[in-house]
Amino acid sequence: MEYPALVPGTLLRRYKRFLADVRLDGGREVVAHCPNTGSMREVNVPGCRVWLSPSDNPARKLNWTWELIELPQGDGTMAAASVHTGRANRIVEEALRAGHVEELAGHAAIRREAAVEGARLDFRLDDPERGTTFVEVKQVTLREADGHGYFPDAVSTRGRRHLEALAALAAQGHRAVLLFCVAHEGIEDVAPAAHLDPAYAASLREVATLGVEVLARRCDVIRKADVPVAIRLGRRLPVSFTREVGPVVAVDGNGRLAGQRSI
């Protein structure tokens, strides 16, 4: 997925779920739309560099959309994470249509938003020989200070409904897939966040034994002259169903340790 020309700034604060105050590099402060209804745990870090997409649409209330944030990893490196949850399905669809997700390649038809009993899933793939495959996409951006990636970043009743729907489809003989779209360059593996939503973690472990496939792919942020210009689905990551989060060390926006906490 290609980005429009992005504008850099510094995150001041996120508030009212959908709003973020950002100081652009030139010094001007703007209010940007925050296209993320989740907790944004560990990616809502004031003081970090962010990238906004501009809009000149007169019908829009806000002329800016928060796209990316660059996060310190505690070892002196930085990693970009996409906070725009609406981008995940577009990134995955682009990869599916290009055949870049080998596990899901070769279907004759790809359809967005498949209505099934009890839920609406993100994709339906059909093929005369392969049959029907249902795919639900979940964006992952939570990297705890133990260095691992987790989903969800808060209690997700809706996420559990999607798991139940996938399990029901698998029981009917369809192929059912949960695809973690890992939109954080610092994440190398994914596990259910039992420390935040134990019910979701238990459900994920259960449906994996009932025929639901669980895949994870990390996004690659493409840059030119250090400016993000595109984001694409990249390599496969391992998924662990049993890992527990370790001690969490908080890191502030400047990469400094802010003390240790247990969760």
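The values are calculated or read from the model by the stated rules, or taken from the named source; none is laboratory data. Worth saying up front: this structure is predicted, and the values here are computed from it rather than measured. When we count neighbours, we look across all protein chains shown, and the Cβ atoms used for this are built from the backbone with ideal geometry, even at glycine.
Need the failing condition index for Arg60 against (1) in contact with an Asp or Glu (Cβ under 8 Å, 6 or more places away or on another chain); (2) free of Cβ contacts under 8 Å to residues at least 40 places away in the same chain; (3) of a type outside the set (Val, Ile, Thr), just the number. Every condition holds for Arg60 apart from (1).
To keep it simple, each residue is scored yes or no on (1) farther than 30 Å from Leu19 by Cα; (2) within 15 Å of the chain's Cα centre (by Cα).
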| residue | (1), (2) |
| --- | --- |
| Ala88 | no, yes |
| Arg97 | yes, no |
| Ala105 | yes, no |
| Glu113 | no, no |
| Gly118 | yes, no |
| Thr132 | yes, no |
| Asp146 | no, no |
| Ala176 | yes, no |
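Yes or no, residue by residue, for (1) more than 16 Å from Ala88 (Cα to Cα); (2) assigned by TED's automatic domain parsing to the domain that holds Ile91; (3) out of contact with any Lys or Arg (no Cβ under 7 Å at 6 or more places or on another chain):
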position: Arg158; (1), (2), (3): yes, yes, yes
position: Leu169; (1), (2), (3): yes, yes, yes
position: Val177; (1), (2), (3): no, yes, yes
position: Tyr200; (1), (2), (3): yes, yes, no
position: Cys219; (1), (2), (3): no, yes, no
position: Arg223; (1), (2), (3): yes, yes, yes
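Residue count for segment 27-72, restricted to those that are modelled with pLDDT under 95 and in contact with a Lys or Arg (Cβ under 8 Å, 6 or more places away or on another chain): 1.
In segment 5-47, counting only strands (runs of 3 or more DSSP E) that sit wholly within it, the ones holding 2 or more residues that are of a type in the set (Val, Ile, Thr) span 7-15, 29-33. Can you work out which of the residues in segment 204-217 that are under 23 Å from His184 (Cβ atoms) and either buried (at least 21 other Cβ atoms within 10 Å of the Cβ) or outside the structural domain of Phe151 (by TED's automatic domain parsing) (or both) is farthest from the chain's Cα centre (by Cα)? Per the criteria, the residue is Leu204. In a residue-by-residue description of segment 188-196, the property of being among the aliphatic types (A, V, I, L, M) and closer than 16 Å to Ser82 by Cβ applies to at least one position.
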